[in-house]
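J.: Below you'll find the structure I mean.
The values are calculated or read from the model by the stated rules, or taken from the named source; none is laboratory data. Note that the coordinates shown come from a computational prediction; the quantities given were computed from them, not determined experimentally. Here Cβ is always computed from backbone atoms with ideal geometry, including for glycine, and neighbour counts include all displayed protein chains.
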Amino acid sequence: MGSEWEGTETEHTGVRIAHEEVSPVRQVLRRVWIAAIVLVVVIFVVYLDRDGYEDSKGGPLSLLDAAYYATVTLSTTGYGDITPVTPEARLINILLITPLRIMFLIVLIGTTLEALTARSREEFRIHRWRSRVRQHVIVCGYGTKGRSAIRSLIANGTPADKIVVVDPEPRAIDEANSVGLTGIVGDAGRTEVLRRASVERARAVIVAANRDDAAVMITLTVRQLNPSVPITTSVREEENANLLRQSGADTVITTSATSGRLLGLSTDSPRVVAVVEDLVTGGQGLDLHQRTVQASEVGLGPRALRDIVLSVTRGGRTLRFDDPLIGTLQPEDVLVVVKAHEPSRPNRPPTQPSPAQA
């Protein structure tokens, strides 16, 4: 995974937000159960060897006396009213009960405090991330398509701390965390999971699901929670593209049809395919850019610009570079241009996750 992300650090710097967070109370209760089992074992051992113990009041040890002795012994209270007197009982205390006492204290006190401290620290990081995150990009799915989309985002200047990955596989989220991305474990088609990702404040959403039906569900849910966010969705079958658009996707990319066209084109025009691959691969060779017209370019024709202009969008209508309706460029025009990649300092994941998942 590290080789895929040039210029990024592999230190685990991202925030990991679990779909179902484990309550600290549940963690404590789990350890209480372990401590209770240790207590029962000690009671059983003492009661079996009850003849080796002496009660200050005299008389044999009852089951209640064994429970009392086990309790005060494991808790290190040790009142001394019940004591082991035979060599066998004392040997059992040395070899068995003392190690169990240490285990009891570690499980019930030490481990519990450590769990609560670690949990509190992680909750603080998550709360800080939620309070600050704005204008981030949510990528639903961390498979081949999702990782490629993230590489392109980073190559085009999106910081790693502004990318949030949503995937149901914990292993995928661990991989995303390892390169400094914020990860959320869960199904992106569920409302509560997208709210964990702060979809209401997102700049864009990329749906890179492995199945078309999942892509439809995710797109519908995103559009319901944020009616204005731009949604880009990939779809395997071209016949499902219209369904994705009706569900609220602004851009639909048909992976199978696009791949098929490139495969067919490569037979007679392999160099054309190479150029297309170069254009859609950010961070090297030729790059595609979308930008507004600069003040110095207003009044010029598209061919007069230093950049190669492929299209001009004006008033919501996109015109090809050779369309006579373009005339000269206007202040509000949006251009899609081709330009040589300009190497820049690579974006590195922040040493601390950007505040703004649970």
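Quick grid of which residues meet (1) under 25 Å from HIS289 (Cα atoms); (2) of a type in the set (A, V, I, L, M); (3) not in a strand (DSSP E or B):
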position	(1), (2), (3)
ALA172	no, yes, yes
GLY189	no, no, yes
LEU194	no, yes, yes
VAL205	yes, yes, no
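J.: Go through LEU220, LEU225, LEU194 for me and flag whichever is in contact with a Gly (Cβ under 7 Å, 6 or more places away or on another chain) and not basic (Lys, Arg). I'd like the intermediate steps shown before the answer.
T.: On the way: LEU225 fails: in contact with a Gly (Cβ under 7 Å, 6 or more places away or on another chain); LEU194 fails: in contact with a Gly (Cβ under 7 Å, 6 or more places away or on another chain).
Matching residue, one of LEU220, LEU225, LEU194: LEU220.
J.: Next question, about the same structure. Any residue in segment 176-198 that's within 14 Å of THR221 (Cβ to Cβ) and among the polar types (S, T, N, Q): show its pairings with residues that are surrounded by fewer than 21 Cβ atoms within 10 Å (Cβ to Cβ) and modelled with pLDDT of 90 or more at Cβ separation under 9 Å, as long as the two are six or more apart or on different chains.
T.: Within 9 Å, the pairs are THR191/GLN224; THR191/LEU225.
J.: Oh, and also: So HIS289 clears everything in (1) in contact with a Lys or Arg (Cβ under 7 Å, 6 or more places away or on another chain); (2) farther than 20 Å from SER152 by Cα except one condition, right? Which one?
T.: The number of the failed condition is (2).
J.: Can I ask one more? Would you check if there is a residue in segment 81-97 being within 30 Å of GLY183 (Cα to Cα) and either modelled with pLDDT of 75 or more or assigned by TED's automatic domain parsing to the domain that holds LEU194 (or both)?
T.: no
J.: ALA215: farther than 23 Å from ASP161 by Cβ and crowded, with 18+ Cβ neighbours inside 10 Å, yes or no?
T.: On the way: farther than 23 Å from ASP161 by Cβ: yes; crowded, with 18+ Cβ neighbours inside 10 Å: yes.
Yes, satisfied.
J.: So which residues in segment 251-282 are closer than 15 Å to LYS145 by Cβ and either modelled with pLDDT of 70 or more or of a type in the set (Val, Ile, Thr) (or both), if there are any at all?
T.: Passing the criteria: THR251, VAL252, ILE253, THR254, THR255, THR258, SER259, VAL280, THR281.
J.: Let me ask something else. Would you say ASP278 is assigned to a helix (DSSP H, G or I) and either surrounded by 13 or more Cβ atoms within 10 Å (Cβ to Cβ) or not assigned by TED's automatic domain parsing to the domain that holds ALA155 (or both)?
T.: For ASP278, the condition - assigned to a helix (DSSP H, G or I) and either surrounded by 13 or more Cβ atoms within 10 Å (Cβ to Cβ) or not assigned by TED's automatic domain parsing to the domain that holds ALA155 (or both) - is met.
J.: Residue check: is LEU319 more than 21 Å from LEU153 (Cα to Cα), at pLDDT below 90 and outside any loop (DSSP other than H, G, I, E, B)? It would help to see each step written out before you state the result.
T.: Details: more than 21 Å from LEU153 (Cα to Cα): yes; at pLDDT below 90: yes; outside any loop (DSSP other than H, G, I, E, B): yes.
So LEU319 passes the test.
J.: Between THR258, THR233, THR221, which is surrounded by 14 or more Cβ atoms within 10 Å (Cβ to Cβ), out of contact with any strand residue (DSSP E or B) (no Cβ under 6 Å at 6 or more places or on another chain), closer than 18 Å to SER152 by Cβ and of a type in the set (Val, Ile, Thr)?
T.: Numbers: THR233 fails: out of contact with any strand residue (DSSP E or B) (no Cβ under 6 Å at 6 or more places or on another chain); THR221 fails: closer than 18 Å to SER152 by Cβ.
Checking each option against the conditions leaves just THR258.
J.: So, in segment 65-88, of the ones that are among the hydroxyl-bearing types (Ser, Thr, Tyr) and touching an Asp or Glu at 6+ places or on another chain (Cβ under 8 Å), which residue ends up farthest from ASP55 (Cα to Cα)?
T.: THR86
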